[in-house]
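Engineer: To start, I am sharing the structure in question, which I have written as structure tokens.
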Amino acid sequence: VKPKPYDYMFWTNLFMCGTAVVIALGLGEVQTGVAFCSNNPEVLQKIIKFALCSAVGQSFIFYTIANFDPLILSTVTTTRKIFSVLLSIFLKGHSLSTVGWSGIGLACSGILSELQSKRAKSKPKST
């Protein structure tokens, strides 16, 4: 039986969950964590939301790698991070140092050069 791509993701996550449970049991942290979540139900809701968002995000990452390539994933991830920083600056009034702005400029120029390179490769050469 040949495993399907999402089977790999499921089994990896299942074994990582098992590993985390074993380590938490070994360190005696399970009771502390359950008690904390019982005393703070809003935290448990946030943990569940975080887990769901992580699962959806991981599915998109896996889909992108499986159907495109890791370079596309890297471009998408970098672009998302740039927009997150820019939204934080413009919507929440956060500031950025000169080095930070230089980093954003460098990341944007890298993405633009990658797009230009792909565009140049896709154009038919005229002879």
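The values are calculated or read from the model by the stated rules, or taken from the named source; none is laboratory data. Predicted, not measured: the structure shown is a model, and the values here were computed from it. All Cβ positions, glycine included, derive from the backbone under ideal geometry; neighbour counts span all protein chains shown. To get the accessible areas, we keep the full protein, side chains included, count just its heavy atoms, and leave off ligands, DNA and RNA. Shrake-Rupley method; radii C 1.70, N 1.55, O 1.52, S 1.80 Å.
Engineer: Report, by residue number, each residue of region 55-66 that is open to solvent by 90 Å² or more (accessible area, probe 1.4 Å) and not hydrophobic (A, V, I, L, M, F, W, C).
Structural biologist: Within region 55-66, the subset open to solvent by 90 Å² or more (accessible area, probe 1.4 Å) is 60, 63.
Of everything in region 55-66, just one residue is open to solvent by 90 Å² or more (accessible area, probe 1.4 Å) and not hydrophobic (A, V, I, L, M, F, W, C), namely Tyr63.
Engineer: Evaluate region 22-36: report whether one residue or more is under 24 Å from Phe62 (Cα atoms) and open to solvent by less than 70 Å² (accessible area, probe 1.4 Å).
Structural biologist: Going through region 22-36, the residues under 24 Å from Phe62 (Cα atoms) turn out to be none.
Within region 22-36 (the criterion being under 24 Å from Phe62 (Cα atoms) and open to solvent by less than 70 Å² (accessible area, probe 1.4 Å)), the answer is no, since none of the residues qualifies.
Engineer: Could you tell me which of the residues Leu73, Leu52, Leu112, Leu91 is out of contact with any Cys (no Cβ under 7 Å at 6 or more places or on another chain) and either surrounded by 13 or more Cβ atoms within 10 Å (Cβ to Cβ) or among the aromatic types (Phe, Trp, Tyr) (or both)?
Structural biologist: Working: Leu52 fails: either surrounded by 13 or more Cβ atoms within 10 Å (Cβ to Cβ) or among the aromatic types (Phe, Trp, Tyr) (or both); Leu112 fails: either surrounded by 13 or more Cβ atoms within 10 Å (Cβ to Cβ) or among the aromatic types (Phe, Trp, Tyr) (or both); Leu91 fails: either surrounded by 13 or more Cβ atoms within 10 Å (Cβ to Cβ) or among the aromatic types (Phe, Trp, Tyr) (or both).
From the options Leu73, Leu52, Leu112, Leu91, the qualifying one is Leu73.
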